[in-house]
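Before any comments, here is the structure.
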Amino acid sequence: MSAARDAAPGTTDSYPPLRTAAWVLYDLANTVYIATVTFVFTPYAEATIGDLRGHSIANFLSMLAAALLVPFCGALADTTARARRYLTLSTLACIAALAGWYCDLGGFWLLLLFFVANLAYNVALLFYNALLTSVAPPDRAGRISGLGVGVGYLGTILVLLLAPMGSPDKRPFFLTAALLFLALSLPCLLLVRDRRQITLPQGPLGTVMRDANRRLLATLRELPRHPTLMWFLIGNFCLVDVLNTAVLYFAAFTKEVFAERAAAGYSLFGAVFQGEAGVESFLQIAGLCLNLIAMLVGISIGRWTDRNPLGVMRTSAVGLLLALIGGALFGGVSPLGYLCTLVALGAFGLTGIWTAGRKIVVLLAPPEQVGQYFGLYGITVKLSVVGAVVYGFVDHAYGSKPAMLAQSTQLLLGLGCLLMVRLPAHREAASR
């Protein structure tokens, strides 16, 4: 056992910078996957299958399965202190399914592999988040979380620079994305370990699972007695519902709203965008701007998040609401207005909600129940796919702008729930 693992929690030696950097790098690695889904796979699946309904249903089912699994996975991580092992298994499963998209097996098999990859990706996030307390002390959890989110957006920039946006055959890029995911995740899988002082249970895996499930059910039974946690989970569900939809359909929405105007051509800062190639070029620019802004926001809001995570989350929700309205107003009308609203405000909303959410969980969770609390947090993240299904069907019936505006209902509900949240005063003060 290393000296770093034996070091007393809270000391400098407890959190070696190399392991913290490896944890941050994993955020970049898994962003390669989600960026590939957003900018390459979703348009590819729509072109292959014919519409987005099958894709929406596969996404919903994978997130539902993840929501059923993550609370038990969190309890298992708390019971065994083996979060890294389970992170490794789920990450490799996601990478294998991602590489499988290269095979031209038809619509059903394509969606099945998407289901497997998305399920594994979302389960891996639970174990990854549970390792945050092993690489950052409570008073720096917001900064490290924000750094991870900010650096993670470099993964999207890599995808936008490397993906064949204008090519009709996008399948070879899926192999490239799988190799990138593997290479960038290896430092975390090899170096970061669960450092919580947990007495490992004796007996076979079945016994361990039963013990983990008992602890989880006890936590769920006590949930009504903890209104702060309950309101936070409901609010997070509503906000992340919009985030998941925005990430999933950003590329498809941008291409659809600017397709008609691109026939005649439009300009931005002297550059002319015309035809299908012009739409692809503008999408690439919009994606790069969104992720550069999100990266800068993630790196810069760490201290604010440590001091006032609820303020960050509420402000981010308002920013995201304004982004939706701006996207509907300026989409296909003003490229500059689109970049200033949906892209810029959306980048702030995305980054702030993810960064502050992890910090709030760390503040609410007892050290020995971090996995369970992230499991409950994970339920709200995985089940928040109502917006994606609504978007798919409203888009099919009425168009993309009404589908985008339909997401504002969840945002307002989530913001209302966050106004009911009161963090424990003693833990918030200790964090500051």
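Within the range 96-107, the only residue that satisfies the criterion of being assigned to a helix (DSSP H, G or I) and surrounded by 23 or more Cβ atoms within 10 Å (Cβ to Cβ) is L98. Contact annotation: residue pairs with Cβ atoms under 6 Å, 6 or more positions apart or on different chains, pairing a residue in the range 305-330 that is part of a helix (DSSP H, G or I) with a partner that is surrounded by fewer than 18 Cβ atoms within 10 Å (Cβ to Cβ) and not hydroxyl-bearing (S, T, Y), are R307/R432; A328/L405; F330/G337. Residue under question is G287, and the condition is that it be in a helix (DSSP H, G or I) and over 18 Å from the mean Cα position of the chain (by Cα); does it hold? Answer is no for this residue. Pairing residues of the range 370-384 that are of a type in the set (D, E) with residues that are at pLDDT below 70, at Cβ distances under 8 Å and at least 6 apart in sequence or on separate chains, gives no pairs at all. Residues in the range 67-83 that are surrounded by fewer than 22 Cβ atoms within 10 Å (Cβ to Cβ) and part of a helix (DSSP H, G or I): A67, L68, L69, F72, T80. Within the range 336-347, restricting attention to residues that are surrounded by fewer than 23 Cβ atoms within 10 Å (Cβ to Cβ) and in contact (Cβ under 8 Å) with a residue 40 or more places away in the chain, the residue that is nearest to the chain's Cα centre (by Cα) is A344.
Considering A47, A29, the condition of being farther than 30 Å from L220 by Cα and modelled with pLDDT of 90 or more is satisfied by A29 alone.
Of all the residues that make up the range 248-275, how many are part of a helix (DSSP H, G or I) and farther than 26 Å from G155 by Cβ? Explain how you work it out, then say what you get.
Of the residues in the range 248-275, the ones part of a helix (DSSP H, G or I) are 248-264, 275.
The next check asks that each one be farther than 26 Å from G155 by Cβ; those that pass are 259-264, 275.
The total comes to 7.
Can you tell me how many residues in the range 140-193 are polar (S, T, N, Q), more than 20 Å from the chain's Cα centre (by Cα) and either in a loop (DSSP other than H, G, I, E, B) or buried (at least 24 other Cβ atoms within 10 Å of the Cβ) (or both)? Give the steps one after another, and end with the answer.
Here is the first cut: in the range 140-193, the residues polar (S, T, N, Q) are 145, 156, 167, 176, 185.
In the following step, the residues that additionally are more than 20 Å from the chain's Cα centre (by Cα) were identified as 167, 176.
Still in the running and either in a loop (DSSP other than H, G, I, E, B) or buried (at least 24 other Cβ atoms within 10 Å of the Cβ) (or both): 167.
Counting residues in the range 140-193 that are polar (S, T, N, Q), more than 20 Å from the chain's Cα centre (by Cα) and either in a loop (DSSP other than H, G, I, E, B) or buried (at least 24 other Cβ atoms within 10 Å of the Cβ) (or both) gives 1.
Among residues of the range 323-379 being of a type in the set (S, T, Y) and touching a Pro at 6+ places or on another chain (Cβ under 9 Å), the one that is nearest to T31 (Cα to Cα) is T355.
Is it the case that the range 263-271 has a residue that's under 30 Å from L25 (Cα atoms) and either surrounded by fewer than 21 Cβ atoms within 10 Å (Cβ to Cβ) or modelled with pLDDT of 80 or more (or both)? Can you show your working first?
First pass over the range 263-271, keeping only residues under 30 Å from L25 (Cα atoms): none.
No, the conditions are met nowhere in the range 263-271.
A294 meets all of the listed conditions (1) of a type in the set (G, A, S); (2) closer than 30 Å to Y398 by Cα; (3) assigned to a helix (DSSP H, G or I) but one, namely (2). In the range 48-66, the count of residues that are among the aromatic types (F, W, Y), within 18 Å of the chain's Cα centre (by Cα) and surrounded by fewer than 19 Cβ atoms within 10 Å (Cβ to Cβ) is one or more.
The values are calculated or read from the model by the stated rules, or taken from the named source; none is laboratory data. Keep in mind the model is a prediction, meaning the values are calculated, not measured. Using ideal geometry, Cβ is built from the backbone for each residue, glycine included, and neighbour counts are taken over all protein chains shown.
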